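Before any comments, here is the structure.
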Amino acid sequence: MSEIKLPEVELNIYSKKEPVEVTVVENHVATKDSSPNFVRHITFDISGTELVDNIKVGQSLGVLPPGKDERGRPHKLRLYSVSSPSSGEKGKKHLISTTVKRTVEELESKIYLGVASNYLADLKPGDKVKVTGPSGRRFLLPENAKDFNYIFFATGTGIAPFRGMIQELFEQDYQNECVLVFGCPYRTDLLYADFFEEMDQNKIKFHYLPCISREDRREDGSKYYVQTMLDERNDLLAPILAKDNTLIYICGMKGMETGIYLQLLSQGFKDYLEIRKELPENLNDIPKDKFKRFIKPSVRVFEEVY
Ligand code: A2P
């Protein structure tokens, strides 16, 4: 396998104490249809800041919402993954995008709106936002990105970095195989669906596998989750996984990674895993909270779950 060499990246050019102001240029829904999972694609103009040329896809930006919490303290910084390629949104290096889901929680019959996500989602073109960063030095495409095949697993807004990474790969003369497995509850929640459907049709090396957990059922009645595609689309995925220059990227809800590792293990793809302890006969007996004491991802797997 080619060596996996991650690029050197800039970190925290702008800190919480000294953030930089960027300007919103675009803010629109990223879902296929109107959905109660409100997800928006937001683009910032970073002209005149040191973020230009210094932020790589896979990294995040910190957002500082204005105002104070109920105890009078400034609101906490929140990190958002960049969803544009390193070359910038629409090929313009002064534009970077992110993907934001409005967080809404019901507690004791009252609705609570997440501060940062709803602040961002309400912004209009021309509004200014204080940001920090870049942050993140591991969840990146390798320097020699074209030398690898990729299987990207995303749930929900975990798709953000992959939108940028996939654009970045296909901006180059990319000849390897690239698969995006995306999980969401309903069809209306598919993110950037037109873009990925079009890519799937136009690029023979790109494959888009959406899994709709609450609408479709597998033959045995179980839900479609991203990890079930390892079984369901074994015809496509197994030959790619068997190649020694394939990398796996996982981004989204915490817990999705264990399902993927167990499927890889049951299919014998041990190169993606590090087995650290003797495994119980029934893999479902591995305690969920101690999973990584038994099975860890290998250097061929990049994981960002939250
Ligand atoms: P479900 O909620 O039907 O159980 P979103 O972030 O938009 O809510 O989407 C998250 C998606 O991930 C949903 O389709 C959700 O399914 C699915 N999901 C939930 N638990 C897991 C898991 N352990 N592994 C993989 N996918 C999961």
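The values are calculated or read from the model by the stated rules, or taken from the named source; none is laboratory data. The model shown is predicted, which means the values in this text are computed figures rather than measured ones. When we count neighbours, we look across all protein chains shown, and the Cβ atoms used for this are built from the backbone with ideal geometry, even at glycine. Note: areas computed on protein heavy atoms with side chains; ligands, DNA, RNA excluded. Shrake-Rupley method; radii C 1.70, N 1.55, O 1.52, S 1.80 Å.
Name the single residue, out of those in region 86-119 being more than 21 Å from Ile159 (Cα to Cα) and β-branched (Val, Ile, Thr), that is modelled with the lowest pLDDT.
Looking at residues that are more than 21 Å from Ile159 (Cα to Cα) and β-branched (Val, Ile, Thr), I get Ile111.
From Tyr224, Tyr192, Tyr208, grab the single residue that is within 15 Å of the ligand (Cβ to nearest atom), more than 22 Å from Leu6 (Cβ to Cβ) and touching an Asp or Glu at 6+ places or on another chain (Cβ under 7 Å).
It is Tyr224.
Between Glu274, Glu303, Glu257, which is open to solvent by less than 40 Å² (accessible area, probe 1.4 Å), in contact (Cβ under 8 Å) with a residue 24 or more places away in the chain and either farther than 26 Å from Leu191 by Cβ or within 16 Å of the ligand (Cβ to nearest atom) (or both)?
Among Glu274, Glu303, Glu257, only Glu257 is open to solvent by less than 40 Å² (accessible area, probe 1.4 Å), in contact (Cβ under 8 Å) with a residue 24 or more places away in the chain and either farther than 26 Å from Leu191 by Cβ or within 16 Å of the ligand (Cβ to nearest atom) (or both).
Report yes if Gly133 is touching a Gly at 6+ places or on another chain (Cβ under 6 Å), farther than 21 Å from Pro7 by Cβ and either modelled with pLDDT of 95 or more or within 16 Å of the ligand (Cβ to nearest atom) (or both), otherwise no.
When the stated conditions are applied, Gly133 does not pass them.
I'd like to verify a number: residues in region 89-120 that are closer than 17 Å to Leu51 by Cβ and part of a loop (DSSP other than H, G, I, E, B), how many?
Residues meeting the conditions: 3.
Restrict the check to region 229-237 and report whether at least one residue is within 16 Å of Val39 (Cβ to Cβ) and either within 16 Å of the ligand (Cβ to nearest atom) or under 21 Å from the mean Cα position of the chain (by Cα) (or both).
So far as region 229-237 goes, no, none of its residues is within 16 Å of Val39 (Cβ to Cβ) and either within 16 Å of the ligand (Cβ to nearest atom) or under 21 Å from the mean Cα position of the chain (by Cα) (or both).
Given Asn37, Asn27, which one is farther than 21 Å from Lys124 by Cβ, open to solvent by less than 50 Å² (accessible area, probe 1.4 Å) and touching a helix residue (DSSP H, G or I) at 6+ places or on another chain (Cβ under 9 Å)?
Asn37
Six or more apart or on different chains, Cβ atoms under 7 Å: show the pairs whose first residue is in region 197-214 and within 16 Å of Gln227 (Cα to Cα) and open to solvent by less than 20 Å² (accessible area, probe 1.4 Å) and whose second is within 13 Å of the ligand (Cβ to nearest atom) and among the hydroxyl-bearing types (Ser, Thr, Tyr).
Once the first residue is within 16 Å of Gln227 (Cα to Cα) and open to solvent by less than 20 Å² (accessible area, probe 1.4 Å) and sits in region 197-214, its partners that are within 13 Å of the ligand (Cβ to nearest atom) and among the hydroxyl-bearing types (Ser, Thr, Tyr) give Cys211/Tyr224; Cys211/Tyr225; Cys211/Thr228; Ile212/Tyr186; Ile212/Tyr224; Ser213/Tyr224; Ser213/Tyr225.
Name every residue in region 146-174 that is open to solvent by less than 20 Å² (accessible area, probe 1.4 Å), within 26 Å of Asp235 (Cβ to Cβ) and more than 16 Å from the ligand (Cβ to nearest atom), in order of residue number.
Within region 146-174, Phe148, Asn149, Tyr150, Met165, Ile166, Leu169, Tyr174 meet the criteria.
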